[in-house]
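The values are calculated or read from the model by the stated rules, or taken from the named source; none is laboratory data. Keep in mind it's a predicted model, so treat the numbers as computed, not measured. Cβ: placed from backbone, ideal geometry, glycine included. Neighbour counts: every protein chain shown. For the accessible areas, the whole protein counts, side chains as well, though only heavy atoms, and no ligand, DNA or RNA atoms are used. Shrake-Rupley method; radii C 1.70, N 1.55, O 1.52, S 1.80 Å.
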Amino acid sequence: MKKLFALAALTLALGAAVVPFATGAPAQTVRVNATSYKLTLSAKPKAGLVRFVVRNASDDEHDFWLRGGGKSAKTPVLAPGRSATISMRVKRGVTYRFWCAVDDHAQEGMLGSFRAR
């Protein structure tokens, strides 16, 4: 009887430890490609935690700024061929704007927006 009780307690404890990991939604990964005067997102972000993996595929330095829903995030300035990751929890229906703040890159077309779905 003691073994049965101990086994039941262990099963409950292990189940409680696993539940937080099983119920948390994983972050969505959106790849951001920075080329000369263009920022391209691999997908339109969904509401929730989004990991933006920014890759500079240009011969120039670039960064990536993201703002919306009262939050903002940015990467450091990336040398050609370098990457960086930022994460943000995005809200459904909120418009988020992104751009490169290096020199006049945003004015040259390195900007965009999305509305989280």
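Please work out which residue is nearest to H105 (Cα to Cα), limiting yourself to region 17-40 and to residues that are at pLDDT below 95 and among the hydrophobic types (A, V, I, L, M, F, W, C). Among them, the one singled out is A27. Of everything in region 69-117 that is small (G, A, S) and within 19 Å of T29 (Cβ to Cβ), the residue that is surrounded by the most Cβ atoms within 10 Å (Cβ to Cβ) is A116. Within region 56-68, the set of residues being small (G, A, S) and either open to solvent by 50 Å² or more (accessible area, probe 1.4 Å) or modelled with pLDDT under 95 (or both) is empty. In region 43-55, the residues that are under 10 Å from F114 (Cβ atoms) and open to solvent by 20 Å² or more (accessible area, probe 1.4 Å) form Cβ pairs under 7 Å with partners that are not in a strand (DSSP E or B) and not hydrophobic (A, V, I, L, M, F, W, C), at six or more places apart or across chains, as follows: K44/R117.
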